[in-house]
Amino acid sequence: MRRKIFGSTAAVAAFGLLIPLSACGSSEAGGGGDTLRLIAAEYGDNAGNSSKAFWDKVTDDFTSAHPGIKVEVKLLPWADIDREVSRMVQDGKAPDMALMGSYSDFAAQGKLYSAEELLSISAEANFLPPLAEAGSVGNTLYGLPFVASSRLLFYNETLFRQAGITEAPKTWSALEAAAKALKGKGVKYPYALPLGPEEAHAEALIWELSNGGGYADSSGNYALASEQNVYTFNWLKEKLVGPGLTGPTPPSQLNRADAFAAFLRGEVGMVNGYPSLSHEARAKGISLKAVSMPVSDALGVGETPPTVGVADWMMAFKQNGKKEEIGKFLDFVYQDKNLSDFAGRYHLLPSTVTASRTPAGGGLDAIDTDFLTALRGAQLYPVNDPSWVKVSDNLKRNIGRAVEPNGNPKAVLEDIAAKAKASAAAPRN
């Protein structure tokens, strides 16, 4: 029987939401006694905004409330954490908990506690529904969503005004027309199309969803080379990339970080982004708006496809047998004040219903609220399928070839689909 990789509203998540920082923290994984060990991704991009300050406070507060339980946190860069935690588990030295970008391999191997075994009923029921579905294998929640974001189309209001564009594009043809007008005014990247290996799977899914496609069919099976997806990449190649509306860097070589940096320099008219980019841009004096992704003219403006959602996952390992202690700590971490504090530090969205209503700082601003609204109906990546790790890697490395001058979108997508089918059929450990 084929594994269902999407539910009715959403499927799974991402590989880190922020730039990696060098490893910090202390302790080795594994071990016993009354000390819990958490391996967590570092969300900061410099020493001044390291996640260490958050975890130091939370663990101190927790131990004060539960004197018999200590918690040690080791921070690792996003580039290393999945590999390092996998190595620890393979070596029989699993941490008690990990916060990272994927969980399904461990769930498939029977290594994880379920949320039902760890959390109170109210805490388990508090996760935003698309994220809870994304963290579930079958009907069992193993990946506890921690922080999340969604994607909206950003446009530079000043560049739009200079190009005579009076409203946000709602269809692909309107986006194309806006890009032409921006190019006519000398804008370097009328539409930034980051299909480089850093995060091409996000940009690809955004465009596919806006044409009624996506990574899966209605049965929840991979549909990477669907008719809609092939049409999407043919349109991108012919209407945006070919006419030079995506800037001087070939999309297959343009990474998300480079596209965002160009937006912050005022060189980009339009780009898909997430909440932290809006805060950075406004801090630099860039006037921007964030709107829903324009839809294919074949769908029409009355259609409202889901946006792309992204989340990171907390998981708890069975190896060291500390279910009761882990459950107490996770119930504590997922309190509104702690979760909203962490999300607020990095301009992300908390993963629970109650924390999203009462975030740190007294509330979400207008753009953050738009992202939260989009997240509630978002579609996420299928990392609840263990094959997604390999599938997404292949997507990131190859999807950009579809829009190259000599690229063949149908052939590229069919090759990616064939490799995905092989990965999904491969036996798991």
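The values are calculated or read from the model by the stated rules, or taken from the named source; none is laboratory data. Just so we're clear, the structure is a prediction, and the values are computed from it rather than from any experiment. All Cβ positions, glycine included, derive from the backbone under ideal geometry; neighbour counts span all protein chains shown. In case anyone asks, the SASA skips ligands and DNA or RNA and just uses the protein heavy atoms, side chains included. Shrake-Rupley method; radii C 1.70, N 1.55, O 1.52, S 1.80 Å.
Given their separation in residues at 0.36 nm each and the Cα-Cα distance between them, ASP34 and ALA283 gain 85.2 nm when the chain is fully extended.
A 1.4 Å probe, protein heavy atoms only, puts the accessible area of TRP55 near 0 Å². Using the Cα coordinates of the range 219-311, the gyration tensor eigenvalues translate into equivalent-ellipsoid semi-axes of 26, 18, 14 Å, sorted from longest to shortest. I'd like the distance between the alpha-carbon centres of the range 55-117 and the range 259-296, rounded to an integer number of Å. Computed from Cα coordinates, the inter-centre distance equals 34 Å.
Ranked from largest, the principal axis spans of the Cα set of the range 86-237 equal 59, 34, 32 Å.
Taking 0.36 nm per residue of separation and subtracting the current Cα-Cα distance, fully stretching the chain between THR158 and ALA47 would add 36.6 nm. Our estimate of slack between VAL291 and LYS318, defined as 0.36 nm per intervening residue step minus the Cα-Cα distance, is 5.4 nm. I'd like the Kirkwood hydrodynamic radius of the range 171-239, using the inverse of the mean 1/r over distinct C-alpha pairs, in Å. Final number for the Kirkwood radius of the range 171-239 is 13.2 Å. Between the Cα long axis of helix 52-65 and the first principal axis of the chain there is an angle of about 30°, rounded to the nearest 10. Per residue, the range 291-429 exposes 42 Å² of accessible surface when a 1.4 Å probe is rolled over the protein heavy atoms with every protein chain present. Ranked by solvent-accessible area (1.4 Å probe, protein heavy atoms only, all chains present), the residues VAL268, VAL389 order from largest to smallest as VAL389, VAL268. Calculate the length of the line joining the C-alpha centroid of the range 204-246 to that of the range 311-335, in whole Å. What the calculation gives is 38 Å, centre to centre.
Mean projected area of the convex hull spanned by the Cα atoms of the range 273-339, taken over all viewing directions: 8.7 nm². Taken one residue at a time, the phi angles of the range 145-157 give Karplus couplings (6.51, -1.76, 1.60, θ = phi - 60°) of x, 10, 10, 8, 7, 10, 10, 10, 7, 8, 9, 7, 4 Hz. Gly and Pro are set to x. Residues SER173, SER252 ordered from highest to lowest accessible area at a 1.4 Å probe: SER173, SER252.
Between helix 172-184 and the chain there is an angle of about 70 degrees, using the helix long axis and the longest principal axis of the Cα atoms.
Close amide H contacts of VAL147 (hydrogens built in the peptide plane, cut-off under 5 Å, sequence separation of 5 or more or a different chain): ASP312. Remark: the range 229-241, residue by residue, has Karplus-estimated 3J(HN,Hα) of 5, 4, 4, 4, 6, 5, 5, 4, 5, 7, 9, 10, 6 Hz, where x stands for each Gly or Pro and the curve is 6.51 cos²θ - 1.76 cosθ + 1.60 at θ = phi - 60°.
Approximating the spin labels as points 7 Å out from Cα along Cα→Cβ, the LYS57-to-LYS410 distance works out to 5.7 nm. Between helix 336-345 and the chain there is an angle of about 50 degrees, using the helix long axis and the longest principal axis of the Cα atoms. Within the range 55-105, all pairs of alpha-carbon atoms sorted by distance into 5 Å bins from zero give the percentages 4, 17, 24, 20, 14, 14, 6. Among the protein heavy atoms of the chain, carbon and sulfur supply 48% of the accessible surface, probe 1.4 Å, non-protein parts ignored.
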